[in-house]
1. Testing the spin-label approximation: label points 7 Å from Cα along Cα→Cβ at residue 233 and residue 3. State their distance in nm.
2. Taking the number of other C-beta atoms within 10 Å as the exposure measure, put 451, 490 in order starting with the fewest.
3. Could you work out how much longer the chain between residue 311 and residue 22 gets when fully extended? Use 0.36 nm per residue separation minus the Cα distance between them, nm to one decimal.
4. Please turn the phi angles of region 407-418 into ³J(HN,Hα) values with the Karplus equation 6.51 cos²θ - 1.76 cosθ + 1.60 (θ = phi - 60°), one per residue in order, whole Hz, x for glycine and proline.
5. Can you tell me the dipole magnitude for the chain around its Cα centre, using point charges on the Cβ only (Lys, Arg +1; Asp, Glu -1), in Debye to the nearest 20?
6. Report the FRET efficiency, 1/(1 + (r/R0)^6), for residue 502 and residue 51, where r is their Cβ-Cβ distance and R0 is 41 Å, rounded to 0.05.
7. Viscosity 1.002 mPa s, temperature 20 °C: what is the translational diffusion coefficient of region 68-110 from Stokes-Einstein with a Kirkwood Rh over Cα pairs, rounded to a whole number of µm²/s?
8. Mind giving me the FRET efficiency for residue 397 and residue 247? R0 is 45 Å, r the Cβ-Cβ distance, nearest 0.05 is fine.
Amino acid sequence: MELSKNEKLKQDSGFLRGSIVEELKNSSASFEKDTTLLLKFHGMYQQDNRDARVKTEEGGTEKAHSLMIRGRIPGGRLNTEQYLVWDELASRVGNGSMRLTTRQSIQLHGILKQDIKRTLQKIHESLLSTTGACGDIVRNVTQSLNFLNDPSLAKLDGVAQLISDHFRARSGAYAEVWLDDEKLPGPVEEPIYGDRYLPRKFKIGVTAAGNNSIDIYTNDMGFAATFENGQINGYFVFAGGGLGRTHRNAKTYARVADNLGWIPASKLIPVAEAIVTIHRDFGDRNDRKHARLKYVVAEKGIDWMRTETESRSGAKFEQKPLPAWNTPEYLGWQKAKDGTLTLGLHILAGRIVDNAGHSLKTSLRNVIRDYRLSTQVTPDQDLILLGIRESDRPAIEQVFRAAGVRMDAPNSLFSKALACPALPTCSLAIAESERTLPAFLEVIQKKLEKYGLEDRAPTVRMTGCPNGCARPYSAELGFAGRSMNIYGVYVGGDYEGTRITKELSDNVPLSEMEGVIDRLFAMWKEQAPSDRFGDFTHRMPLEELQKALPAVRPAQ
Ligand code: SRM
Ligand code: SF4
């Protein structure tokens, strides 16, 4: 069978080189379309600000192209210098903001083509990279939060790093193109990926069993460590999770990963490699919408997946009881086990920027620089400052207070809410998300207060299209853009992140949303006020919940 366009492009790219070097030399402000597909493997997306158009000499308008770059930052851990490099680049070559992501990374938007090489070099000099942050490859590895500096959890630093390094592209393309390293003699090989890499992206999370600060079930593969005498003695292994879907395409769906069982610690890499290569060999290379590992697991079955993983890795899965999950609260000041303090800062939709009366970016830079702090980005788009001396707390508080930055958790609705960037940067956005979130949350908060339910605010997550980047399908209440000002509404996920939502409707106009939320909360208050919203809506039959929808909805 003939290869699909993407597969052929990867195969013909000379292990991700394509014509990037040549195009960097020309005067065009943008890269060719095919090249933009390869650039993803190098950690960047060509975008245009969809609010802005530049005037052409002929009097028309055209897109103003720029690049978004995303870091490879295993576990979202950055030392002082690394944070400062991203901060400085955001102001110098980016659009002035840093965007913390739902996979514990950082994105910079608005970088011009001519600045990209030097930008990547600066990141490389700080011992971080952007390689493999996007593309059909293993992406940024997420890791549970260790805000109390727990020595057991700290063992996961090495695990996330090991997995990240193991699945890093071996091709010399990144070093040659961006870092001016010389081409190595002989054919460059990708021992794990091969010349067509994976059929699609692959996401991995690492945590301690019982600690679901990473939304482990939404990953292609997850490892939940168990401990004996403070050492990792094994892992529960999860495979086949993912959220991306397309409206009204039943072949695509969100799915929670299956628990394959427990393996001893020594089998970590063989099992990880077995699962990644199952995706490589069985993922659908003809239909990118159906190419994720979750479809292989769903269609071939969990027993097949277990047996195939065992035969490729030589491991044997043991079936053991899984500890109950919880999601630790990290916002605000806390005392770590080594006597230092940590400060978890809530960053609405992950956007670090200075606004009038709220100098978040500048104050963070000053505090991190002056007190030599390390940081961890969270999968909920927040930032934890680590290693603060108790004696420095008053001065740090003063800096944040003067900058208008609050240090405690805002109300529980805002604390847990997520939104993807959507408009104006995301080329796939069909509705607003990040920009509309604050006003949207205000409406929900008022309804919670109306019914006296604000202490049990649901996790609310919003996206500008069905791809699910801010994990709306594992929220208690999710919204995914269907078209401008129209959203799909999803309910029934759980606070612990083990369930996928059900679709209440894929077609609710924003103008009707307040009424829908009001009626849903009224039902919740009347029928199960002591339950969490996600548990209540999970239990209720869909037809009952759909009575909250407006009588007349837009044409399908
Ligand atoms: Fe995502 C594509 C932003 C996490 C599912 N995602 C995109 C792109 C790159 C749009 C594009 O392809 O042109 C978005 C860039 C927007 C912009 O302007 O910055 C984008 N995704 C994000 C981020 C920044 C959202 C955020 O609010 O933080 C997250 C970056 C994570 C990172 O650091 O690596 C982000 N994306 C996710 C997640 C959540 C996760 O991985 O934990 C998902 C759902 C889980 C999953 O993969 O199933 C997700 N993004 C997608 C998809 C749908 C994939 C699918 O299987 O169908 C796309 C579209 C695609 O790949 O074709 C996508
Ligand atoms: Fe873009 Fe859609 Fe992802 Fe939002 S969910 S960032 S709109 S691809």
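1. 4.7
2. Sorted ascending by nearby Cβ count, the order is 451, 490.
3. Taking 0.36 nm per residue and subtracting the Cα distance, the gain is 99.6 nm.
4. 9, 8, 6, x, 4, 5, 5, 5, 4, 9, 6, 10
5. Value, rounded to 20: 360 debye.
6. 0.75
7. Estimated diffusion coefficient is 209 µm²/s.
8. 0.45
Each reported figure results from applying straightforward, stated rules to the coordinates on display, with no laboratory input. From a predicted model like this one, the values you see are computed outputs, not experimental measurements. A quick note on method: Cβ atoms are made from the backbone with ideal geometry, for glycine too, and the neighbour counts reach across all protein chains shown.
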